[in-house]
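S.K.: What follows is a single structure, and I will ask about it in a moment.
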There are 2 protein chains.
Amino acid sequence: MDIGIIGFGGVAKSFIKLLIEKEENLKKRGLNLKIKYIIKSDGGIYNNEGINLKDIVKENYNLKNFSFREDININTIIKNKDIDTLVELTNTNIETGEPGLTHIKLALENKINVVTGNKGPIVLQYRYLKKLADKNNLNLGIGCTTGGALPSINVGSFDIAGADILSIEGVLNGTSNFILSKMYEEEIEYDDALNDAICLGIAEADYRLDIEGFDTAVKILILTNVLMNSNLTLKDIEIEGINNLKKENVLDEKYKGNKIKLIGKVYRENNKIKAYVKPEVLRYNHPLYFVDDKNKGVYYRTDTLGDISIIGGASGNINAAAAILRDLINMT
Amino acid sequence: MDIGIIGFGGVAKSFIKLLIEKEENLKKRGLNLKIKYIIKSDGGIYNNEGINLKDIVKENYNLKNFSFREDININTIIKNKDIDTLVELTNTNIETGEPGLTHIKLALENKINVVTGNKGPIVLQYRYLKKLADKNNLNLGIGCTTGGALPSINVGSFDIAGADILSIEGVLNGTSNFILSKMYEEEIEYDDALNDAICLGIAEADYRLDIEGFDTAVKILILTNVLMNSNLTLKDIEIEGINNLKKENVLDEKYKGNKIKLIGKVYRENNKIKAYVKPEVLRYNHPLYFVDDKNKGVYYRTDTLGDISIIGGASGNINAAAAILRDLINMT
């Protein structure tokens, strides 16, 4: 497999590290992953024989210590026609999808498979991109975009293949779930729990997207459009975050044996697909009741395979990188 | 896809029914599943143009109402060379693997893909059969053999592809789990819970295999050999069932906030793979703690994708049939 990597942040760097660690395993599977390009926004490096990844790590991922050229970009890849798979890991922009959207379109138009962890292009144009991929008999791997290591797309694609999905419910945002777990366990106010999340580095700079339900909505939107053949946009989803919850709300339910979780849900009603994100009260027998702390989980109801839940999946750069590798392996 | 079905019990009949129900959906996926053979132990029916499945249901699955011939058997399929996939659903024999083992070998030797729900051949000769399939560039679908609708093999194959499995733990036997849940919830003796399971039709004729841990051992053995590249036999697994548990054992743990579950587990220790089946005490934060009643679940620990659990999957003939269909779809 001849690969170009575009976007060189935390996940991409971890991906390089992972490929070194898993070299033996991949060889045993008969997989030879050759990285020919690593491209950032201001240029990149290229080696037709395959870039020596160990050297990259040795030089602390500083591409400028190699034959870095400012004129290397996505167009170089398209012109050279010497890779079969693009790993797209530029930053997510949920409004425009760029620059990932252009990268993915160009790749698919030019007979190059794509694996991406970038939510923007998938939220905005999944159906178009998937059609383009199908038309050219290509793979579009997006497993990393909804839950990272948690194989939510995979379960929907492979594990319940042949069954009709009646509904999908998910605890999909680690930060919100951590805050709710803190409020529940330590019986503290929302602001204190949020502060804990910030101090521990769990809530990141853009934590508003998490607590206001937006991140969950993006993920449930992708799951819906990919797995239920819908074409929803974010405007079709009713979104309510956890930011208005009070300690009393959480504790009132706790004393009744319940928990409040930020749930993203999609379901069919009168032949229409409906979706929302909001804090919901779960009874102890709900499959997602015990998805606590930073954990995530998705609960699928199907017609012929029953109810299936998948829970867990670690959430760091190395785990997101492992989700990218999983998609690459599954497309061979 | 040109298919022969061999073995015509409850799952095979449900499979016929499912194919009728899902005809539209399968067509939409571009899948045309043509059933050319339905074979029982005393003969079968054959139609090169595809058997009309609706007629089979109309005649209450009585093959003798069609052009049934006693001389139709696996050798007819091999001689005619007109199917690409065998669906093997004869009865499980865990000692000899027969007649399934012969059917599967013959199919794979003659360039025919196999999907099976028959545990016997897989427990006894998985490695040999898998090599044979690989050599001939064929698929061997065995998802239905470990948990039916619960996609335990799938999760291990696709969803954690690229990660190393550190351990697999499972609540894999519905009957045992139902009995333990009854003892826990209703605070009753083992014998009373067993009786309930028998009355409700949950414990079937061969329920000793369930409660003595043998069925769990078979499933954990298959998971291990398929997913951890081992070649264990049942002799390598220490097996203890739930049949010696007393009400006090269950209640003592209940009062401490724990549950006893029949766990099958495989893990690596000093570069060796070890496996056992026994009743274990689970704390409330164990991922399988809430797998109650007839439910099943599997908990995978991995190096790069974290801990992943899959829970649920209904357990009836129609659900097992849906697991067969899933394997067929995933091999296209």
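The values are calculated or read from the model by the stated rules, or taken from the named source; none is laboratory data. Given the structure is predicted, the values throughout are model-derived calculations rather than measurements. Positions of Cβ are generated from backbone atoms using ideal geometry, with glycine treated the same way; all protein chains shown enter the neighbour counts. Just so you know, the surface numbers come from the protein's heavy atoms only, side chains and all, with ligands and any DNA or RNA stripped out. Shrake-Rupley method; radii C 1.70, N 1.55, O 1.52, S 1.80 Å.
S.K.: Which of the residues that make up segment A:178-216 are closer than 15 Å to residue A:293 by Cα, of a type in the set (Gly, Ala, Ser) and buried (at least 17 other Cβ atoms within 10 Å of the Cβ)?
M.R.: The answer is A:181, A:193, A:197, A:203.
S.K.: Inspect segment B:250-271 for any residue being more than 14 Å from every other protein chain (Cβ to nearest Cβ), under 19 Å from residue B:207 (Cβ atoms) and among the basic types (Lys, Arg) and give the result as yes or no.
M.R.: Yes, the conditions are met somewhere in segment B:250-271.
S.K.: Can you name the number of the only condition in (1) in contact with a strand residue (DSSP E or B) (Cβ under 6 Å, 6 or more places away or on another chain); (2) among the polar types (S, T, N, Q); (3) surrounded by 24 or more Cβ atoms within 10 Å (Cβ to Cβ) that residue B:145 fails?
M.R.: If we test residue B:145 against (1) in contact with a strand residue (DSSP E or B) (Cβ under 6 Å, 6 or more places away or on another chain); (2) among the polar types (S, T, N, Q); (3) surrounded by 24 or more Cβ atoms within 10 Å (Cβ to Cβ), just (1) comes out false.
S.K.: Let me ask something additional. Checking the conditions here, which among A:203, A:217 is away from chain B (no Cβ under 14 Å), assigned to a loop (DSSP other than H, G, I, E, B) and over 27 Å from residue B:28 (Cβ atoms)?
M.R.: A:203
S.K.: Test of understanding: among A:132, A:138, A:124, which residue is away from chain B (no Cβ under 14 Å), more than 25 Å from residue A:321 (Cβ to Cβ) and crowded, with 17+ Cβ neighbours inside 10 Å?
M.R.: From the options A:132, A:138, A:124, the qualifying one is A:132.
S.K.: If residue B:228 passes every condition in (1) modelled with pLDDT under 95; (2) open to solvent by 70 Å² or more (accessible area, probe 1.4 Å) but one, which one does it miss?
M.R.: Among (1) modelled with pLDDT under 95; (2) open to solvent by 70 Å² or more (accessible area, probe 1.4 Å), residue B:228 violates only (2).
S.K.: If I filter segment A:249-265 for residues that are among the charged types (D, E, K, R), without any contact (Cβ under 8 Å) to a residue 60 or more places away in the chain and either over 22 Å from residue B:292 (Cα atoms) or not in a loop (DSSP other than H, G, I, E, B) (or both), do I get at least one hit?
M.R.: Taking every residue of segment A:249-265 in turn, at least one turns out to be among the charged types (D, E, K, R), without any contact (Cβ under 8 Å) to a residue 60 or more places away in the chain and either over 22 Å from residue B:292 (Cα atoms) or not in a loop (DSSP other than H, G, I, E, B) (or both).
S.K.: Given B:70, B:49, B:95, B:88, which one is open to solvent by less than 40 Å² (accessible area, probe 1.4 Å), assigned by TED's automatic domain parsing to the domain that holds residue B:21 and out of contact with any Leu (no Cβ under 8 Å at 6 or more places or on another chain)?
M.R.: B:88
S.K.: Need at least 2 residues that are out of contact with any helix residue (DSSP H, G or I) (no Cβ under 7 Å at 6 or more places or on another chain) and more than 14 Å from chain A (Cβ to nearest Cβ) per element, so show me which helices (runs of 4 or more DSSP H) inside segment B:19-86 make the cut, counting only ones lying wholly within it.
M.R.: B:53-58, B:74-80
S.K.: Which of the residues spanning segment B:296-315 are in contact (Cβ under 8 Å) with a residue 24 or more places away in the chain, assigned to a loop (DSSP other than H, G, I, E, B) and not charged (D, E, K, R)?
M.R.: Those that are in contact (Cβ under 8 Å) with a residue 24 or more places away in the chain, assigned to a loop (DSSP other than H, G, I, E, B) and not charged (D, E, K, R): B:304, B:305, B:313, B:314, B:315.
S.K.: For segment A:146-172, which residues satisfy the criterion of being modelled with pLDDT under 95 and over 29 Å from residue B:320 (Cα atoms)?
M.R.: Within segment A:146-172, A:148 is the sole residue that qualifies.
S.K.: Select from segment A:303-327 the residues that are within 19 Å of residue A:16 (Cα to Cα) and either at the interface with chain B (Cβ under 8 Å from one of its Cβ atoms) or open to solvent by 40 Å² or more (accessible area, probe 1.4 Å) (or both) and list them in ascending order.
M.R.: Narrowing segment A:303-327 to residues within 19 Å of residue A:16 (Cα to Cα): A:314-327.
Within segment A:303-327, A:314, A:315, A:317, A:318, A:319, A:321, A:322, A:323, A:325, A:326 qualify.
S.K.: Identify, please: which residue in segment B:280-302 is of a type in the set (A, V, I, L, M) and open to solvent by less than 30 Å² (accessible area, probe 1.4 Å) and is, among those, farthest from the chain's Cα centre (by Cα)?
M.R.: Per the criteria, the residue is B:282.
S.K.: Scan segment A:192-207 and report the pairs whose first residue is over 21 Å from residue A:250 (Cα atoms) and whose second residue is of a type outside the set (Asp, Glu), with Cβ atoms within less than 9 Å and a gap of 6+ or a chain change.
M.R.: A:200/A:178; A:204/A:175; A:204/A:198
S.K.: Follow-up question, since we're still on this one. Which residue, of A:262, A:305, A:251, is within 18 Å of the chain's Cα centre (by Cα) and not assigned by TED's automatic domain parsing to the domain that holds residue A:140?
M.R.: Within the list A:262, A:305, A:251, the selection yields A:262.
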